[in-house]
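Student: Below is the structure I would like to discuss, written out as structure tokens.
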Amino acid sequence: MKNWKTYILSIFWVPLLLMQIVLVIFMGKVNEAGLIWLFYLGWLIWIISIILGWLPIYTLKKRGAVPAGKSYVHTKKLVTSGIYSIVRHPQYTAGMLLSLALLLISQDLWVIIIGIKVIVLLYIDIYLTDKWEINKFGQEYKKYMKEVPRVNFILGLIRLYKQRR
């Protein structure tokens with residue numbers, strides 16, 4: 001069972017990510033350096049983050065043996081199909097990509113500094129989550145870790161493509 005220690009890093013990265021959003025969307029810190037190609041790349045990455053953020057909700061609810069009336073995060077079964085056959089932590093990856101997208105769209109020094117902190121904290125959080133998942137699912141999760149990348153969804157797509165060929 002998860003306890004408060006499981007969520008300790010989110011106490012830091014969630015407000016920082018929200019700060020990035022406020023700076024970019026509400027304070028207009030957009031394209032500060034004038035590099036338009038980075039601006040558009042940021043929007044592309046944002047779209048990818050939306051996909052990676054929302055697909056797990058559907059996938060876990062459908063395939064995770066979630067008890068009736070419970071949130072999708074209350075899975076009873078390890079899900080290794082769908083988005084989870086491409087990347088182990090799609091929602092954390094989505095958070096990292098959102099932060100990256102915001103710093104590319106903004107190109108503002110403070111948004112970049114905050115974004116780097118968010119990405120580092122999220123990656124540490126992902127590492128800790130892998131440890132928690134090993135405790136929950138055991139050897140099955142260790143095998144899954146060898147087959148599916150932690151956050152590198154591009155590598156995951158390449159592996160999936162090769163498996164299907």
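Student: Taking the chain on its own, what percent of its Cα-Cα pair distances exceed 24 Å?
Tutor: Within the chain, distances greater than 24 Å cover 40 percent of Cα pairs.
Student: Which value, in debye to the nearest 20, describes the size of the charge dipole of the chain about its Cα centre when Lys and Arg Cβ atoms bear +1, Asp and Glu Cβ atoms bear -1, and nothing else is charged?
Tutor: With only Lys, Arg, Asp and Glu charged at Cβ, the dipole is about 1020 debye.
Student: Of the listed peptides 103-110, 72-79, what is their order by residue-averaged count of other C-beta atoms within 10 Å, with the highest listed first?
Tutor: Highest mean packing first, the order is 103-110, 72-79.
Student: Separate question: Hey, rough spin-label estimate for Trp37 and Ile11, points 7 angstrom out along Cα→Cβ, what's it come to in nanometres?
Tutor: If labels sit at Trp37 and Ile11, their model points lie 4.3 nm apart.
Student: Same structure again: Determine the gain in length on full extension of the stretch Asn152-Ser71; use 0.36 nm per residue of separation and subtract their C-alpha separation, reporting nm with one decimal.
Tutor: Full-extension gain reported as 26.6 nm.
Student: Under 18 Å Cα-Cα from Lys76, which lysines qualify once same-chain neighbours fewer than 8 residues away are excluded?
Tutor: Lys2, Lys61, Lys62, Lys131, Lys136, Lys142, Lys143
Student: Separate question: Calculated FRET efficiency, Gln139 and Leu160, Cβ-Cβ r, R0 25 Å, to nearest 0.05?
Tutor: In this case the efficiency is close to 0.65.
Student: Report, to the nearest 10°, how far helix 153-164 tilts away from the longest principal axis of the Cα atoms in the chain, using its own Cα long axis and a range of 0 to 90°.
Tutor: On a 0 to 90 degree scale, this one is about 40.
Student: I've got another one for you. Can you show me the helix-derived [θ] at 222 nm for the chain, built from DSSP H runs with n ≥ 4 at -39,500 (n - 2.57) apiece and divided by the number of residues, rounded to the nearest 500.
Tutor: -22000 deg cm²/dmol
Student: Given labels modelled 7 Å from the Cα in the Cβ direction, how far is it in nm from Leu128 to Leu44?
Tutor: 3.4 nm
Student: Counting only other residues whose beta carbon sits under 11 Å from that of Ser106, what net charge do I get with K and R as +1, D and E as -1?
Tutor: -1
Student: Taking the alpha-carbon centroid of each part, what is the distance from segment 84-112 to segment 11-80 in angstrom?
Tutor: 8 Å
Student: Using +1 at the Cβ of each Lys and Arg and -1 at the Cβ of each Asp and Glu in the chain, identify which of Thr59, Ile114, Val30 lies farthest towards the dipole's positive end.
Tutor: Thr59
Student: Once you keep just the Cα pairs under 8 angstrom separated by 6 or more residues, what percentage relative contact order results for segment 9-164?
Tutor: This gives 33 percent for segment 9-164.
Student: For segment 120-165, just say rounded, prolate or oblate: build the C-alpha gyration tensor, square-root its eigenvalues into a ≥ b ≥ c, call rounded for a/c under 1.5, and beyond that prolate if a/b exceeds b/c, oblate if not.
Tutor: Here segment 120-165 falls in the oblate category.
Every number here is computed from the coordinates shown, using simple stated rules; none is lab data. Predicted model, so just to flag it, every value in this text is computed and none were measured. Glycine gets a Cβ as well: all are built from the backbone with ideal geometry, and neighbour counts include every protein chain shown.
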